[in-house]
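Worksheet: the structure to be examined is printed underneath.
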Amino acid sequence: MRRATLLSILLASTALAAAGPRITPQEAGRHRAELVTLVGVVASAQSNDDGVVLHVGDVSVLVPQSVRGRFKPDPMELHQKAVEVTGFLTPPGRPLAIVVQRPEDLRRDTSALVEERAQLRARLAKVEDELDRLHGMYPAEVVEGGITLGPVGRPLKPLPPHPTQGTVLAERGVPTRVNWSYGKRELMYGRERWTFDELGQLISIGPE
């Protein structure tokens, strides 16, 4: 049992060493012909007969067509995603690139995902705080069948649950005639009169 544990630790240490140093695309030029783990965001992805080319900064990550089918998800789906790429950088005199043959050498950067989730949670908390603040600005009054609307300190006016002028125009189209007056708006559809209040809320439908 102890021997198996020591073997597992040894294999894990060997795997970490084999991954090489973690570098950014800006540091790649100093690690030519070395085994590295490149960490960055895929700025663009291209597919051609030879395979897929992912651009991580100035480094091209090449996934040959012969092994592309082994990668799940497909490398093209990594566009705009943070990734970790393990492999040998090309030697001096050649464009910066890493050729990836194994799916385990091209993966999402989990540390970036954790940070992204933390940022999203922080943004959600701010939105919830703002909603609580806005709810606190209005009295806790419920109007059955409608909503209440109005600034703090003024009587709230209940609105019936009818369509608004905007929804009517969107559904019925251009009216045959429009009448505008203080505190009231009317849309004519043939011999049918649609009357709205000053807020654009439907009051009634009747003959012209």
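Looking at this structure, is Leu89 at pLDDT 85 or above and in contact with a His (Cβ under 7 Å, 6 or more places away or on another chain)?
yes
Considering only segment 53-86, state which residues are in a loop (DSSP other than H, G, I, E, B) and within 24 Å of the chain's Cα centre (by Cα).
Gly57, Phe71, Lys72, Pro73, Asp74, His79, Gln80, Lys81
Any residue at all in segment 109-118 that's part of a loop (DSSP other than H, G, I, E, B), surrounded by fewer than 15 Cβ atoms within 10 Å (Cβ to Cβ) and either of a type in the set (A, V, I, L, M, F, W, C) or assigned by TED's automatic domain parsing to the domain that holds Asp58 (or both)?
No; the residues of segment 109-118 include none that is part of a loop (DSSP other than H, G, I, E, B), surrounded by fewer than 15 Cβ atoms within 10 Å (Cβ to Cβ) and either of a type in the set (A, V, I, L, M, F, W, C) or assigned by TED's automatic domain parsing to the domain that holds Asp58 (or both).
The values are calculated or read from the model by the stated rules, or taken from the named source; none is laboratory data. Predicted model only: the values in this text are computed from it and were never measured. Positions of Cβ are backbone-derived with ideal geometry, glycine not excepted, and every protein chain shown enters the neighbour counts.
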